[in-house]
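Structure, as structure tokens:
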């Protein structure tokens with residue numbers, strides 16, 4: 001089908017919950033995407049921080065095919081090898097003792113809410129049910145995750161939301177000490193807020209959260225759905241803070257573009273969960289788990305992580321050389337970068353396609369750059385040059 005037909009059929013048959021630009025992507029190679037008209041685009045979105053290994057990776061389809069020939073699905077009623085191998089790998093490369101597999105970041109956060117409530121009920125009885133989250137957070141759009149994603153335009157159509165949620169200011173230690181009280185079951189926080197504008201947590205803030213949650217026996221949950229799995233130059237973003245959570249939620253790049261999420265927990269959390277307490281039909285399926293093992297092995301490699309840090313520093317340096325009075329701040333870690341501007345950035349994002357660049361925003365005034373982690377310095381240079389052209393074109 002040509003692009004116009006695809007777009008017409010979309011309007012006719014697909015529920016209109018997304019606003020898509022008038023381009024139809026057909027394939028990719030490395031950090032490049034190609035549309036149905038043969039145009040090439042340097043991709044700084046990576047499927048929203050999903051395609052860490054870029055496009056056209058030859059190992060992933062081979063692993064998928066090899067596993068699919070043997071077994072695709074039997075459900076979690078039965079033992080299979082792939083998800084056990086991936087679980088072991090994740091535990092060996094993290095603080096965690098146990099892993100629960102699901103299908104997305106939102107599902108991972110839903111599970112973490114349930115695990116936290118079960119822990120609190122088991123150890124403290126009734127009444128310790130409050131979930132704390134922070135202004136600017138994004139934890140997903142399923143019902144529990146939505147309640148801890150404090151954005152009126154996401155929440156208002158679906159009220160009343162899950163009760164017993166308390167939203168506190170981000171990076172405010174005094175507010176945290178006042179708001180994290182004995183009724184709190186868990187505190188959810190992104191070490192680097194993604195949709196909230198690429199806003200890193202301050203080191204003192206995360207250390208304070210760890211201290212306060214221990215004082216009231218609440219669980220500390222790090223949402224690394226977007227910032228985890230090598231995105232910031234370490235396998236887990238929280239490693240750079242020297243703070244260890246009780247629960248970690250991950251997803252996005254975990255299975256190389258296939259839908260997969262996971263909840264990593266310590267033994268103290270795992271011990272309160274019993275058969276039947278939570279479940280998923282598709283979580284940890286054989287094909288996605290086989291791919292996940294390959295992806296995590298690649299992303300946890302020291303040389304790969306060194307590459308992410310080195311290229312990320314180069315990207316930040318190039319961006320800071322840009323002279324544009326609309327740029328307010330450039331922040332981030334590794335290859336997770338936010339460019340805050342004094343204007344609405346959506347016109348910039350839209351104009352980027354005309355210059356062979358794929359960008360996405362993180363809120364109304366922040367451009368987010370989360371390219372495939374395999375991007376080279378030369379490709380960064382090309383991307384920044386195209387970004388400068390886009391800024392000049394959008395200024396008029």
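The values are calculated or read from the model by the stated rules, or taken from the named source; none is laboratory data. What you see is a predicted model; the values in this text were computed from it and never measured. Note that each Cβ is placed from the backbone with ideal geometry, even for glycine, and that neighbours are counted across all protein chains shown.
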Worksheet item: Within the range 345-378, can you find the residues that are outside any loop (DSSP other than H, G, I, E, B) and either outside the structural domain of residue 330 (by TED's automatic domain parsing) or more than 19 Å from residue 23 (Cα to Cα) (or both)?
Response: 366, 367, 368, 369, 377, 378
Worksheet item: Going by the conditions given, is residue 82 assigned to a helix (DSSP H, G or I) and closer than 30 Å to residue 380 by Cα?
Response: no
Practice prompt. Provide a single number: the residues in the range 299-321 that are within 30 Å of residue 73 (Cα to Cα), in contact (Cβ under 8 Å) with a residue 24 or more places away in the chain and either in a loop (DSSP other than H, G, I, E, B) or over 18 Å from the mean Cα position of the chain (by Cα) (or both).
Written response: 1
Worksheet item: Looking only at the range 361-381, which residues are within 20 Å of residue 334 (Cα to Cα) and surrounded by fewer than 17 Cβ atoms within 10 Å (Cβ to Cβ)?
Response: 376, 377, 378, 381
Response to the item:
Filtering the range 339-353 down to residues that are surrounded by fewer than 17 Cβ atoms within 10 Å (Cβ to Cβ) and more than 19 Å from residue 47 (Cα to Cα) yields 342, 343, 344, 347
Response to the item:
Scanning the range 322-344 for residues that are in a strand (DSSP E or B) and in contact (Cβ under 8 Å) with a residue 12 or more places away in the chain gives 327, 328, 330, 331, 332, 333, 336, 337, 338, 339, 340, 341
Item to complete: Could you check how many residues of the range 148-175 are surrounded by 14 or more Cβ atoms within 10 Å (Cβ to Cβ), at negative phi and more than 24 Å from the chain's Cα centre (by Cα)?
Response: 2
Practice prompt. Look at residue 269 and say whether it is over 16 Å from the mean Cα position of the chain (by Cα), part of a helix (DSSP H, G or I) and in contact (Cβ under 8 Å) with a residue 60 or more places away in the chain.
Written response: yes
Practice prompt. Name every residue in the range 120-134 that is closer than 23 Å to residue 201 by Cβ and either in a helix (DSSP H, G or I) or touching a residue at least 60 places away in the same chain (Cβ under 8 Å) (or both), in order of residue number.
Written response: 132
Worksheet item: Do you know which residues across the range 187-204 are assigned to a strand (DSSP E or B), touching a residue at least 60 places away in the same chain (Cβ under 8 Å) and out of contact with any helix residue (DSSP H, G or I) (no Cβ under 6 Å at 6 or more places or on another chain)?
Response: 188, 199, 200
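Let's see how each residue does on (1) in contact with a helix residue (DSSP H, G or I) (Cβ under 6 Å, 6 or more places away or on another chain); (2) in a loop (DSSP other than H, G, I, E, B):
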| residue | (1), (2) |
| --- | --- |
| 229 | yes, yes |
| 235 | no, yes |
| 238 | no, no |
| 244 | no, yes |
| 248 | no, no |
| 254 | yes, no |
Worksheet item: What do you reckon, is residue 95 in contact with a helix residue (DSSP H, G or I) (Cβ under 6 Å, 6 or more places away or on another chain) and either over 15 Å from residue 295 (Cα atoms) or at pLDDT below 95 (or both)?
Response: no
Fill in: Conditions (1) closer than 19 Å to residue 242 by Cβ; (2) touching a residue at least 60 places away in the same chain (Cβ under 8 Å): number failed by residue 209
(2)
Worksheet item: Is one or more of the residues making up the range 205-224 in the same structural domain as residue 108 (by TED's automatic domain parsing), part of a loop (DSSP other than H, G, I, E, B), farther than 24 Å from residue 303 by Cβ and within 18 Å of the chain's Cα centre (by Cα)?
Response: no
Discussion item. Take the conditions part of a loop (DSSP other than H, G, I, E, B) and within 24 Å of residue 101 (Cβ to Cβ) and apply them to residue 292. Does it pass?
Written reply: no
